[in-house]
Structure formats: C-alpha cells, structure tokens
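One structure is given here, and the rest of the page talks about it.
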Amino acid sequence: MLARARAHRPLLAAARLTILLTTAVLAALAAYATTIGDASLRHALANPRDAAGTTLLVKAESLPEGGRTAADAAVRRAAEHAYDGLPVTLRTLARSGPYGLPPSLRPADRRAGSEEPDLTHFAALDRTQVRLTEGRMPSARPAGPEIEVALPVVAARELGLRPGARITLDNRLRGPAARVLVTGLYRPADTSAPYWQLDELAGRGIVTVHFTTYGPLLADPAVPTGGRVSAGPVGWLASADFSGTTAGRIDALRTAMKEGVAALPHAPALHGSATAAGDLPATLDRVERARAGTQVRVLSNGTEGPGRGAAYAAVPGVRSASPALRSTVSLSGGRQATVLALDTAGTAGTAGTLLMRPDLADVPVRTVLSGLAPKGATAGVRVPAGTARLALTASLRGADAAAVTATVEDAHGTPYPLTLGELPPDGRPHDLGVVPREAVAGAGRGPGAAGHAGSARAVLDAGSRPLGRPRP
C-alpha cells in the first residue's frame, strides 16, 4: 500500500499545487477587485466635473448681530457629522443687502423715466476662488472713508469703471448710503467650481431678470458683518476629502448626509432661517450603479473542472461570469482554425449585452447574436441536484469499438467533456463509466440562470456513431 502511495506521490503533489494555485488566483482576484473598486470610488468622488454632487450647501437668510461665530461653528460640526467624520473644508460667502447703483452708470438709452435702479451688493468672497486682473485687493484698513471693493471684470466693463473710481451706492433697505472706492478688478478662477453656488450671480458678474444686478463687490470680510453695510444672507459650502474612502463606507456616508441635511435647518445657532442641500446620497447611488459589477468571460480550454465559472462569479465586484470555450478544429490541407464559442443564448437572449469592441459591429450586439442562439429544446437530460454518479447502458453494432464521452454542462452552459469508457461493437448492452460525484455536483453549482440552479445537463457521444437517448 505504501509503495503504491509513493508511486502516486508526484500526482498528489501536482494536485495539491493545482489547488494552491487556484486558491491564490481567486484570492488575488478578490483583492484586486476590492482595490480597483475602492480606487474607482475615490476617483468618482474626487472628479472635479462632478464636485457639486458631493458638496453640502447651507444658506442662512439672516443672522442676529454677533451670531456669525456661533453659526460658523454649528455648520462645521454639522458638516463633519454629515461626512461621517471625513476631513472637511468649509468655505463661506457673506453678503450685504441690496444697494442701488447711480443712474449715471446706466447706458444712455436706459437713464430716462422712473425705472428701478440697477443693483449690486457687497460680499466677502473666498479669495482662493478669484484672480485679480488689475489693481489691488481691498484693504481691511482703508486710508479714506470709502469702502474699498474690487469689481468683476465683466461688470466693470459694462459700467465703465476702472480702479480708482469713486461712486456712492443707495441703500435699498435701511441705513445710510455707501461710498465706494474701486481698487481692483477680478474674475472667478473657475466659474464651474462648486463655490459659485453660493453666489446668486453664479460668478457671471451680471444677471438680468426683472432688473439687472452687477457684482458682487468683493470687500474685506469685516465689511458685510461689521455694521458698515446692511446685513444679508450667509452661505457655507462644505466639501470632504475622500482620499481614504472605501466602498464599505458608502452606506454610512449616505445615511450621515441625509441626517445632516435634515438636521441643519433646526440648528439653534442658525435661528430657523437656514436651508441645507446635499446631493451626495444621489451621487453615491450613481457610483454604486456604475460599480454594480464587472462582467467576466471565463475562457475554458477543456482542462478546468466543472463549477469553475461559479468560483469566478463569486469574486467581489464581479456581476456575472459568462462561459466561453476556445477550441481548435482541423481543416482541409492540414490547416487548423481556432473557434471561440460564447453562450449566445444567455448573452443575446437574456442579458441583452455583450462585452464587444464597438468597431466590430455597426448594429446592436443583440441583433448580431440573435441568429446564433439555439432554437427549441437542447439535447441531453437534466441531472438532478445531489446526483452521486451518472451511468450509461448502451449497445453498439458495427466493426469498430467506440470511445464514449459525456459532456456535462454547468449552470452557465459551460461544457466539460468526461470520458466514460469504450463500447464494444457486439450489439449487447454494456454499463459504461461513472461520472464522479464531484464532477456532477460541481457542474450544478454557481449562480446560474433560472431553471438551471442546482442541476447539470449531460449529453453523451460515441464518436461519429449515433446512440439512443441516454438513460441516467
């Protein structure tokens, strides 16, 4: 017995090596899928084109005098909770109430009559979001009585103002007029940046609805909240650093943002005048749909055992594992051709999609493959789940013996040829080989399509000689 075991030692070692390699490949695939999935999530959340979909926008129409500090702290705490503890960057835009521009700045054809004046307002813009094009930035301690401001380039061009100009603005609410010194011109660094959601002019510099508004007039941060001008709304824009985010955190992020948006308007420091909006939950939904899984086509050359497709389909990030079979056929003249067979019934008939280079067909893939799908019932018999063995009783008349094989298909339709033995041509019934339990059971595993789960199908062949319907 020991001598026989020693004789099979290389075979046993090869089997163990095969199992080890298979396990290592599947583990590597799982780790690779997780790493790629996390990287794609972070890339999607950090994409500048979609940045507005990951921000938290808060606006308060009015705050009591001296309440700005408490409001800033409340919004920061709420933002940190809404992003589930991720590092948060908070940008603000505080603005004044409306001010009327002098009628003399209007074009000549609009100066007559009792038309309402054009409007503007002061704003403490985040200076990292603007670029100075001419002059200088407003000072916190101006030398004269005027309030120093910088104008948007497009507004200055329309109004005919340059650095050094002095104008007086009419307070449209309550309070004195404001004397202004233009010190410079600016333009938004990027009008598509999420920050400009806080500006009612969206960084454009001029907006006309029922009347025309120019601005905002960029002023020192102390101006809109220091009592020199009328008080107006305050806005906060929160964004998070997603560089350490993993796919396992999606649900927590989604829930935290929904809770944060719902709770912010009720924060005592905002005095019931705030609104909050965050599209992060919808953005995460889109990312999850995009990451729903990768379609993998498992290519078999007949050497892999049944059920291997199910193992690949179980890898995280893989939505489905479609079967494919590569084989070589002999042609005339000693030539050979490689044939690639796909599961067209499942691909074209059920899923409706196929991973395929777009330049290979100018019509939908469903149309290309529809004629290849099998029609009617396929040959063979269903092997029930739990089958321990598969035996065949058959007879053959003729001059030559025939080698008999059984083709066992798994739940995905991937074929696995199994040799059952040789059938002598004596015309008498013979019991042929047994399909091992693990082969039949393995063919029945896997996610499978409806109607195939838990079972396999076997088709028998005796070379070129036809046989009767196989009997399980």
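Some points to look at:
- Charge context of A256, other residues only, Cβ under 12 angstrom, K/R +1, D/E -1: -1
- Here the extension length gained between T246 and R141 equals 33.1 nm, from 0.36 nm per residue of separation less the Cα-Cα distance.
- Remark: accessible surface ordering of S192, S273 (largest first) is S192, S273, probe radius 1.4 Å.
- Taking all protein chains together and a 1.4 Å probe, the residues K258, K59 rank K258, K59 from largest to smallest accessible area.
- Proximal charge balance of A178 [Cβ under 12 Å; K/R count +1, D/E count -1]: +1
- Difference of contour (0.36 nm per residue) and Cα-Cα distance, R286 to E422: 43.2 nm
- Computing FRET efficiency as 1/(1 + (r/R0)^6) for A46 and A391, where r is the C-beta to C-beta distance and R0 is 56 Å, gives about 0.40.
- Local electrostatic count at M137 - Lys and Arg +1, Asp and Glu -1, tallied over other residues with Cβ under 10 Å: 0
- Computed on protein heavy atoms with a 1.4 Å probe, the accessible areas place H430, H210, H121 in the order H210, H430, H121, largest first.
- Simple label model, 7 Å out from Cα along Cβ direction - A165 to A108, nm: 1.8
- Relative pair counts by distance (%), Cα atoms of the stretch 150-301, 10 Å bins: 8, 25, 27, 19, 12, 5, 2, 1, 0
- Placing pseudo-labels 7 Å out from each Cα toward the beta carbon at T89 and R174 gives an inter-label distance of 4.0 nm.
- Length released on extending from R382 to A262, taking residue separation times 0.36 nm less the Cα-Cα span: 37.6 nm
- Calculated FRET efficiency, V329 to A401, Cβ-Cβ distance, R0 = 22 Å: about 0.35 to the nearest 0.05.
The values are calculated or read from the model by the stated rules, or taken from the named source; none is laboratory data. Just so you know, these numbers come straight off a predicted model, no measurement behind them. Note that we place each Cβ from the backbone using ideal geometry, even for glycine, and neighbour counts take in every protein chain shown. For the accessible areas, the whole protein counts, side chains as well, though only heavy atoms, and no ligand, DNA or RNA atoms are used. Shrake-Rupley method; radii C 1.70, N 1.55, O 1.52, S 1.80 Å.
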